[in-house]
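The values are calculated or read from the model by the stated rules, or taken from the named source; none is laboratory data. All values reported here derive from a predicted model rather than from experimental measurement. Here the Cβ positions follow ideal geometry from the backbone for every residue, glycine too, while neighbour counts run over all protein chains shown. Accessible surface areas use protein heavy atoms only, side chains included; no ligands, DNA or RNA. Shrake-Rupley method; radii C 1.70, N 1.55, O 1.52, S 1.80 Å.
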Amino acid sequence: MTSTQMHYYLITGASRGLGRALAEAALARPNTTVIGISRHATIQHERYQHQPLDLSDLAAVQHNLHKVFARFPDASSLTLINNAAVLGEIGYVGEQPNEHFEFVFDINLLAPAMLMNTFLSAYQGRELPRTILNISSGAAQRPVDGWGAYSASKAALDALSRTAQHEQELRSSGIRIRSLSPGILDTPMQEHIRSADARHFSEAAKFADFHQQGQLRPPAEVAGRIMTWLQQPDLGPEVVLRVDEL
């Protein structure tokens, strides 16, 4: 590989939490460029480019896709990481405004689907490694009261990942698509969870204990593990998996 070739990482929600940790882990490696897709820029680095975008505004997402998925003629690999997500207001189905579901699904499912669709379309003919990593959740696999929209959106993202990977295998494209649950991290989302009323979330005390007992993983630690895994030529056969399985 020549010095002019770059590994490009397009990461949503790169301003904080796991997204920022993933961006910083990528930038710590040589010959990488990170395109951070978020409302705010919080990273200053010569190989970091910020693409301001509000993923809850699907019209804006549609209108800016051409800016996100540029040609990148010097790319030696291309990786999209759909990390941005919201839990939304914690509360039971039947006790939420309908707009809550629209907001959560727009950010957690519809925007990632649009980004996946455009990535696959824009780079389908490129002869280089191409990877899509969707950040999922353990809540996609089990019922968590108060998290209906979040859990459903992540379950749908898992299903979309499985289908898209199957399609790429049928096309023999070599494109890799995975959906990964990163575990319980020390992020702003966990702060929101700990503030929930137990009437709307029966596991509130358990999640508070996770924090008090130091069981929340640092985002940087998990991001480093994910980035190391992504460098492997074979990510394994499972499309939907947990970080503990890496």
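Assorted remarks:
- Relative contact order of the range 1-160, defined on C-alpha pairs under 8 angstrom at six or more residues apart (%): 23 percent
- When the Cα positions of Pro219, Leu170, Phe105 are compared along the charge dipole of the range 93-246, Leu170 comes out farthest toward the positive end, with charges on each C-beta of Lys, Arg, Asp and Glu.
- Charge dipole of the chain (Cα centre as origin; +1 on each Lys and Arg Cβ, -1 on each Asp and Glu Cβ, all else neutral): 640 debye, rounded to the nearest 20.
- Taking the protein heavy atoms of the chain in the context of the full set of protein chains, the accessible area attributed to carbon and sulfur is 50 percent at 1.4 Å.
- Pair-distance distribution of the chain: all C-alpha pairs, bin width 5 Å, starting at 0; shares per bin in whole percent are 1, 6, 14, 18, 20, 18, 12, 6, 3, 1, 0, 0.
- The phi-based Karplus calculation (6.51 cos²θ - 1.76 cosθ + 1.60; θ = phi - 60°) puts the 3J(HN,Hα) values of the range 31-48 at 6, 10, 10, 10, 9, x, 10, 6, 6, 10, 9, 10, 10, 10, 7, 5, 10, 10 Hz, whole numbers, x for Gly and Pro.
- The value given for the range 1-104 is a Kirkwood hydrodynamic radius of 15.0 Å, derived from the mean inverse Cα-Cα separation.
- Entry comment: accessible area of the chain is 48 Å² per residue, from protein heavy atoms only and a probe of 1.4 Å.
- On Cα atoms only, tilt of 148-171 relative to the major axis of the chain in degrees: 30 degrees
- Packing-based ranking of 9-17, 100-108, 52-60 yields 9-17, 100-108, 52-60, ordered from highest to lowest mean Cβ neighbour count within 10 Å.
- P(r) histogram, all alpha-carbon pairs of the range 117-246 included - 5 Å bins from 0, percent: 2, 9, 17, 19, 18, 14, 9, 6, 4, 2, 0
- Database remark: amide H of Arg217 closer than 5 angstrom to the amide H of Ile184, Leu185, Asp186 (H placed geometrically; neighbours at sequence offset of 5 or more, or on other chains; Pro and chain starts carry no H).
- If you wrap the range 121-182 in the convex hull of its Cα atoms and look at it from every side, the mean projected area works out to 4.7 nm².
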